[in-house]
Amino acid sequence: MRRLFLALLLATAAVSAVEVQLVFDDKADEEKLKAFGARSVELIKEWEPKIAVVLGTAEAKRPKQITVRFKDMDGVAFWDGKAITISSRYASKHPDDVMLVVHELTHVLQGYRKIPSWMTEGIADYVRFGIAEEGKFGIRIDPVKNKPRDSYRVTGYLILQAEKRHPGLVKKLHLAGVSGGEVEKVWAEHCGQTIDETWAAVVPAKTK
Ligand SMILES: [Zn+2]
């Protein structure tokens, strides 16, 4: 028994993957969302170390344990500092959108203070669509109607393009986020151009 315990302990230490706990508020969801839940656990274990590298998250700020909670609610999902809560209604209707977990997991590794939420959400969608989904944002950007501070996928797309041209930007934005710094100032200093100038450079003008 003792030997088995030791072997298990070593196996855990060698992998050192984050521990994920699944909670279903409604017991009926446990069976219905079994595949979604299992895939969420896999994605978190796979992506937690990768996101830490992408953002440059300090080792001490990485989670040891994450709770994923399925709850009957409006909306899609959120991270509140304690758990990634996912709408069971949404998950049932959109079984193919399980990658939303990567967006929420990014929030776990962000831990930002007082920076504009459009940047926080932009970075989370940059990680999900730009990195984990390899650039498949699934949106068409309108250079006239869209703006760099539109948040989510629009800002995420801009960050992906900016990181390609100015490597290291994401890690600097992350540091600014953690310290509650001025993200736009950091952007301008790193890229040698304002976020609006980067936008104009990477989003092609609309042809009439
Ligand atoms: Zn978000």
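The values are calculated or read from the model by the stated rules, or taken from the named source; none is laboratory data. The structure presented is a predicted model; accordingly, all values stated were derived computationally and were not measured. Cβ sites come from the backbone with ideal geometry, for glycine too, and all protein chains shown count toward neighbours.
Matching residues to (1) surrounded by fewer than 20 Cβ atoms within 10 Å (Cβ to Cβ); (2) in a helix (DSSP H, G or I):
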site: G156; (1), (2): no, yes
site: K164; (1), (2): yes, yes
site: V170; (1), (2): no, yes
site: G181; (1), (2): yes, no
site: K185; (1), (2): yes, yes
site: E189; (1), (2): yes, yes
site: D196; (1), (2): yes, yes
site: W199; (1), (2): no, yes
site: P204; (1), (2): yes, no
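Restricting the stretch 47-81 to residues that are farther than 17 Å from Q110 by Cα and surrounded by fewer than 15 Cβ atoms within 10 Å (Cβ to Cβ), which is nearest to the ligand (Cβ to nearest atom)?
Per the stated criteria, the residue is G75.
Could you go through the stretch 133-149 and let me know if any residue there is modelled with pLDDT of 95 or more, buried (at least 19 other Cβ atoms within 10 Å of the Cβ) and in a helix (DSSP H, G or I).
No: zero hits.
Would you please list the contacts, defined by Cβ atoms under 8 Å and residues six or more apart or on different chains, that run from a residue in the stretch 21-47 that is outside any helix (DSSP H, G or I) to a residue that is aromatic (F, W, Y)?
L22/F70; V23/F70; F24/F70; D25/F70; D26/F70; L33/F24; L33/F70
Look at the stretch 100-123 and say how many of its residues are in contact (Cβ under 8 Å) with a residue 40 or more places away in the chain and either under 17 Å from R62 (Cβ atoms) or within 9 Å of the ligand (Cβ to nearest atom) (or both).
So the answer is 11.
Taking the stated definitions as given, is V101 over 23 Å from G138 (Cα atoms) and assigned to a helix (DSSP H, G or I)?
No; evaluated as a whole, the condition is false for this residue.
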